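I have a structure I would like to understand better, so I am pasting it below and will then ask my questions one at a time.
The values are calculated or read from the model by the stated rules, or taken from the named source; none is laboratory data. Remember, predicted model here, so these are calculated numbers, not experimental data. With ideal geometry, Cβ positions are generated from the backbone for all residues, glycine too; neighbour counts draw on all protein chains shown. Side chains are part of the model used for accessible areas, which takes the heavy atoms of the whole protein and leaves out ligands, DNA and RNA. Shrake-Rupley method; radii C 1.70, N 1.55, O 1.52, S 1.80 Å.
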Amino acid sequence: MTPLLEARGVTRTLPGAVPVTLVRDITLAIGEGEFVAVTGPSGSGKSSLLYLLGLLDRPTEGRVLIEGQDTAGLSAGALARLRRERLGFVFQFHFLLPEFTALENLLLPMRRAGLEAEAALRARAEWLLERFGLADAMRKYPEQLSGGMRQRVAVARALANDPALVLADEPTGNLDSVNAAGMFDLFESLVSEHGRSIVVVTHDPHLAVRAGRQVRLVDGRIVEDTGAVPA
Amino acid sequence: MTDSAARFVALEGVSLRYGGEGGGTLAVAGLDLAIARGEFAAVVGPSGCGKSTLMKLATGLAPASEGAVIVAGHEVTGPLKIVGMAFQNPTLLPWRTTLDNVLLPLEIVEPYKSSFRRDREKHVARAKALLATVGLSGFEARYPWQLSGGMQQRASLCRALIHEPALLMLDEPFAALDAFTREELWAVLQALWMERRFTCILVTHDLREAVYLADTVHVMSARPGRVIETRRIDLPRPRDLEASFAPEFVGIVHDLRARIAEARAAA
């Protein structure tokens, strides 16, 4: 079966007088319904890898394929469309817009994709927020929500356009242990009940083991991959 | 000036208690404040004095326990739709280009929302012009992570202003930046304000920043916060960094500093 997302021999080097290699010769395939934790020490290239997998950055060498399609030759606009339609992002900081309610923050990416009528979008956004225990928070503004609630809104927003894959970069970095565990509960249910795939970068080993597969990076290389499919 | 213009934002005898009747924390008490339409106001005070609470009250994000909050002639009973905001953390979406980030509010705020797709070209031209005024021409297609912290905050200001809000709320917007970048952004913000004359409330702990930018500086007491002094800054505009080292400017900063020190000691 064609993997959802695939990196083949991906290297990313920042040019300059002293070139810096962020990740080196990464080969990784992520299938449907996989929950993958990317771990490793600070500066090991975890976030750089996530940016490459998320089509936010382009490799210096190697290729990134999404659903079998090579992304190398695609224009910035085509990449943006792929991201919008197939991928969802969660970061350490929630990036919710302060001027807008939780519901409006969800509607933003949905309107952008412009696939459905307003009423249908709204119903879907409300359903997502309810699903995440945010029924009472829908019409509240980010400043009126707790840190854990804001981050749940951010996850709901990542799912707004029904992506095949969610990429999360230290999504629990600003949360206490209870909220962090709650976030991983949410990820687990997305995988088990909704068949989404999730790649989550985390430095917390207790959380990482909850993923079905662990990929460990050191100095920009994969040193361990518990779920590597034999070639 | 009509009353609603002279008191475009008015807090009248406002108190706010967090955490329920009787108990909890009294964040502000007996807070009186008036800001005219088109005025640039700064709010300073000791840590924990309720500066951020004041922001929430003025935008309707937190309801007053006592007293009244009036904006644009109406008592505030819920979150306002006429406000742009920028905080210390830039909220630019990492997966959107700078241009697409600036366009965001137009996709959701009326009167732009309903015609956004039809008028997209016009909005893009407006966003590009706004980005140019803050020195970000040529960076429209970059992602936030490809910009420096100062550039991200410039783009955040554009995003907060693109839908031409009547009121701009800034809560420590430059606190995470280094001193040189921060001073550059004072000039950028001043230029934007002089051109557009929106009403602005800047919450800051940087007294030079307050004096450089504001028409009036309101000093708050220690918790429970109230305004203990309002100082008009009549220095000519545009103000530049050189002016911030002139005796008159430094004198004002010293006065404010002394007033805050008193407020801290009284706590």
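Given (1) over 17 Å from the mean Cα position of the chain (by Cα); (2) without any contact (Cβ under 8 Å) to a residue 24 or more places away in the chain, where does residue A:97 come up short, assuming only one miss?
For residue A:97, the failing item is (2).
Among the listed residues B:91, B:53, B:98, identify the single one that is hydroxyl-bearing (Ser, Thr, Tyr) and facing another protein chain (nearest Cβ under 9 Å). Let's see the steps before the verdict.
Values: B:53 fails: facing another protein chain (nearest Cβ under 9 Å); B:98 fails: facing another protein chain (nearest Cβ under 9 Å).
Answer to the check: B:91.
Looking at this structure, is residue B:104 modelled with pLDDT under 90, buried (at least 16 other Cβ atoms within 10 Å of the Cβ), among the hydrophobic types (A, V, I, L, M, F, W, C) and at negative phi?
Values: modelled with pLDDT under 90: yes; buried (at least 16 other Cβ atoms within 10 Å of the Cβ): yes; among the hydrophobic types (A, V, I, L, M, F, W, C): yes; at negative phi: yes.
Yes, satisfied.
Just checking: which of the strands (runs of 3 or more DSSP E) contained wholly in region B:1-90 hold 3 or more residues that are free of Cβ contacts under 8 Å to residues at least 60 places away in the same chain and surrounded by fewer than 20 Cβ atoms within 10 Å (Cβ to Cβ)? Talk me through it step by step, then tell me what you get.
Values: elements: B:9-18, B:25-35, B:40-44, B:66-71, B:83-87.
Correct list: B:9-18, B:66-71.
Conditions tested, residue by residue: (1) closer than 30 Å to residue B:258 by Cα; (2) of a type in the set (Gly, Ala, Ser).
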residue	(1), (2)
B:4	no, yes
B:12	yes, no
B:33	yes, no
B:50	yes, yes
B:58	yes, yes
B:73	no, yes
B:88	yes, no
B:93	no, no
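OK, next. Applying the selection to region A:1-60, what residues are part of a loop (DSSP other than H, G, I, E, B), within 14 Å of chain B (Cβ to nearest Cβ) and among the aliphatic types (A, V, I, L, M)?
Applying the first criterion (part of a loop (DSSP other than H, G, I, E, B)) to region A:1-60 yields A:1-4, A:15-19, A:31-34, A:40-45, A:54-60.
Subsequent filtering for residues that are within 14 Å of chain B (Cβ to nearest Cβ) retains A:15, A:54-58.
Listed by number, the residues that qualify are A:55, A:56.
Let me ask you something else. Please verify whether residue B:198 is aromatic (Phe, Trp, Tyr), within 24 Å of residue B:9 (Cβ to Cβ) and surrounded by fewer than 24 Cβ atoms within 10 Å (Cβ to Cβ), treating the condition exactly as stated. Walk me through it before giving the result.
Working: aromatic (Phe, Trp, Tyr): yes; within 24 Å of residue B:9 (Cβ to Cβ): yes; surrounded by fewer than 24 Cβ atoms within 10 Å (Cβ to Cβ): yes.
In short, yes.
Additional query: Sort out for me the helices (runs of 4 or more DSSP H) sitting completely within region A:114-231 that have 1 or more residues that are within 16 Å of the chain's Cα centre (by Cα) and under 30 Å from residue B:61 (Cβ atoms).
Values: elements: A:118-131, A:147-158, A:177-194, A:205-208.
Once the helices (runs of 4 or more DSSP H) in region A:114-231 are filtered for at least 1 residues that are within 16 Å of the chain's Cα centre (by Cα) and under 30 Å from residue B:61 (Cβ atoms), what remains is A:147-158, A:177-194.
Assuming residue A:46 fulfils every condition listed in (1) out of contact with any strand residue (DSSP E or B) (no Cβ under 7 Å at 6 or more places or on another chain); (2) surrounded by 22 or more Cβ atoms within 10 Å (Cβ to Cβ); (3) not aromatic (Phe, Trp, Tyr) apart from one, which condition is it?
(1)
A further question follows. Could you list, ordered by first residue, the pairs with Cβ atoms under 7 Å in which the first is in region A:61-81 and aliphatic (A, V, I, L, M) and the second is open to solvent by less than 40 Å² (accessible area, probe 1.4 Å) and assigned to a helix (DSSP H, G or I), at least 6 apart or interchain?
A:64/A:52; A:64/A:53; A:66/A:82
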